[in-house]
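Dropping the structure in here first, questions after.
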Amino acid sequence: MNVFPHVRVEGSALDRGRQYGAQAAGRVRRSVAAYREVFAHYAGWDWATVRREADRFEKPIAAFRPAYLDEIRGIAEGAGLDPGDVLAINVRTEVMFAAKARQAAGQQRAPDGCTAFAVVPPPGADGTTLIGQNWDWLPHTSETVVVLEARQDEGPDFVTVVEAGLLAKTGMNSSGLGLVTNALVTDADTGAPGIPYHLALRAILDCETVSDALAALQSGERSSAANYLIAHRDGSVVNVEAAPGDFGRLYLLFPEDGVVLHSNHFLSPRFGGKDVSVWVMPGSPLRLQRIRAGLSRREGLPTLDTFRALLADHANHPSGLCSHPDPRMDPYDQGATVASVLMDLGTQQMLLADGNPCSAPYRQLDYREFLAKPSGAAEPAR
C-alpha cells in the first residue's frame, strides 16, 4: 500500500528548506525528473528553456515573499539540486496552463481536476468547520507526494499535503485556517511573470484569518487563474475564484445552507472573462453536479463521513469524483485522484487517503499537539 511519507521541519526558511530537501530528497528529484518530461510534452520545452521561463518569476516572488526564495534554495541544497530546478517545479502551473503551452499542446486536455468542499455551522450553532477535497493530478504524483509538517520561527505552523519540492498545496495551520484548491484556466493565462499559484497557496497557509488570506491574494499581480477555498475554525469561509491579475480579478462566493462546493470552472456571475476551464477539464461540471446531488437530500449539515462516501463516487468513470487514468488518452494526459484530504478545523484532525478513496483507506492524523501554537490574532474567550 502506498503511504505518503511525513516530513517534519523547523527553524528559519533556509533551515526548513534544507531539512525538507534532505528528508524528501528522492521524491524531490523524482518530481524534477517527471516534470522534465511533462513540460516537454505540454510546452515543447527542454529543461533549459523551462529554467529560463522559471527564472522570470524570481523577481515577483522576491517582491511578494522573499523568504520563499530562501526556502526554495534550501530545498535544492538538501536534495542536491540547483535552485533553478526547484523553482521550476514551483511554477509548474504557469508553464503547463499558459496559453503558449496550450497552443503547443494542440487538442490536449489537462488532468488537473479537483473537487472541494467546506461546511460551516451558522453563528451560535453547535458544530465544527470542515474542509477538504479530492486532489486529481498526474499519476506519477503518487511517487512524489509528502505530508509536510512545518514549525516556523515566524508565522503559524502548518501541515500541507504537497508534491515534494513545492511549498504548499492543501492543508491547515495552527491559527485555525484551512485551505483547499482547484485549478482554473482563462484566456488570460499567458504565463506572464507574477505571483505563482503554489506560492499564493503557501502565503495563505502563512495567514491567521480569512481576511488576512484575502489580503495576501490581493497584494500583487497573480500569474495564474485558480480557485482558493479558505475557511477558519471560527466559521469564517470564502471561496475565491481568481483570474490572473490584481485585486480587481477576484470573485467571491459564500456558503449556501452552510456548504460551499467547487470543481474546476468559474461559478461567479461577476466573472466576465473567457473561462477555458471546461474545455481543458470537461469532467468539472459533472463532478460538481454529482457532489451537489449527493448532498441534495441530506438533513442537517454534512459530516466528514458524508464526504468520504461521496468522494469515492465513480459516476462518469473514469473522470468521476474518484478519478482513474483513462486508457484512451496519452499517458501524459491521464489523471487520477492522487489523494483525498478531509479536515476538521475545530478538532485539528486530518483524514488522508493516500490514493483513490475507493480503495485507499483514510488515515486519521491528529494535529492537536503539533498545531498548538497560539495565534497572533488571539480569539476571544468563549
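The values are calculated or read from the model by the stated rules, or taken from the named source; none is laboratory data. Model, not experiment: these values are computed from the prediction. Neighbour counts run over all protein chains shown; Cβ positions are idealised from the backbone, glycine included. Note: accessible area is taken over every heavy atom of the protein model, side chains too, but ligands, DNA and RNA are not part of it. Shrake-Rupley method; radii C 1.70, N 1.55, O 1.52, S 1.80 Å.
Please work out how much accessible surface CYS207 shows to a 1.4 Å probe, ignoring ligands, DNA and RNA, in Å² rounded to 10.
10
So how far, in whole Å, is the C-alpha centre of region 240-316 from the one of region 339-365?
20
Please list the non-local residues whose amide H lies under 5 Å from the amide H of VAL7, H modeled 1.01 Å from N, same-chain partners needing a gap of 5 or more.
Correct list: VAL147, LEU148, GLU149.
Same structure again: Please work out the FRET efficiency for the pair SER359 and ASP15, using the Cβ-Cβ distance as r and a Förster radius of 35 Å; give the result to the nearest 0.05.
Plugging the Cβ-Cβ distance into 1/(1 + (r/R0)^6) gives 0.40.
Still on this structure, please answer the following. Report relative contact order for region 1-68 in percent, whole number only (criteria: Cα-Cα under 8 Å, sequence separation at least 6).
22
What's the local net charge at ASP344, with K and R +1, D and E -1, over the other residues with C-beta under 13 Å away?
+1
How about LYS59: which aspartates and glutamates have a C-alpha closer than 17 Å to its C-alpha, ignoring those fewer than 8 places off in the same chain?
In chain and number order, the partners are ASP70, GLU71, ASP85, GLU94, GLU221, ASP246.
Oh, and also: Just need the relative contact order of the chain here, percent rounded to a whole number, with Cα pairs under 8 Å and 6+ apart.
Relative CO of the chain lands at 18 percent.
Could you work out [θ]222 nm for the chain from helices alone, using -39500 (n - 2.57) per DSSP H run of at least four and dividing by all its residues? Round to the nearest 500 deg cm²/dmol.
Using -39500 (n - 2.57) per qualifying helix, the result is -9000 deg cm²/dmol.
Using the Kirkwood radius built from alpha carbon pairs, what does the Stokes-Einstein equation give as D for region 1-74 at 10 °C and 1.306 mPa s, in µm² per second?
113
On to the next question. In whole Å and largest first, what semi-axes does the C-alpha gyration tensor of region 312-382 yield when each eigenvalue is scaled by 5 and square-rooted?
The three semi-axes for region 312-382 are 36, 12, 11 Å.
Per residue, how much accessible area does the chain show when a 1.4 Å probe rolls over the protein heavy atoms, in square angstrom?
37
Leaving ligands and nucleic acids out of the surface, order PHE254, PHE39 by accessible area at 1.4 Å, largest first.
Final ranking, largest accessible area leading: PHE254, PHE39.
Whenever you get a sec, line up THR49, THR190 from highest to lowest accessible area (probe 1.4 Å, protein heavy atoms).
THR190, THR49
Keeping all protein chains in place and using 1.4 angstrom, which order do HIS41, HIS262 fall into by accessible surface area, from largest down?
Correct descending sequence by accessible area is HIS41, HIS262.
Also: Volume per residue, Å³, of the convex hull around the alpha-carbon atoms of region 125-178?
Cα convex hull per residue, to the nearest whole number: 91 Å³.
Ignoring ligands, DNA and RNA, what percent of the 1.4 Å accessible area of the chain is carbon and sulfur?
Accessible surface attributable to carbon and sulfur in the chain totals 50 percent.
Compare the Cα positions of LEU69, THR170, PRO139 along the charge dipole of the chain (+1 at Cβ of Lys, Arg; -1 at Cβ of Asp, Glu; about the Cα centre) and return the one farthest towards the positive end.
Of the options given, the answer is PRO139.
Relative contact order for region 180-256 using alpha-carbon pairs under 8 Å, separation at least 6, rounded to a whole percent?
31
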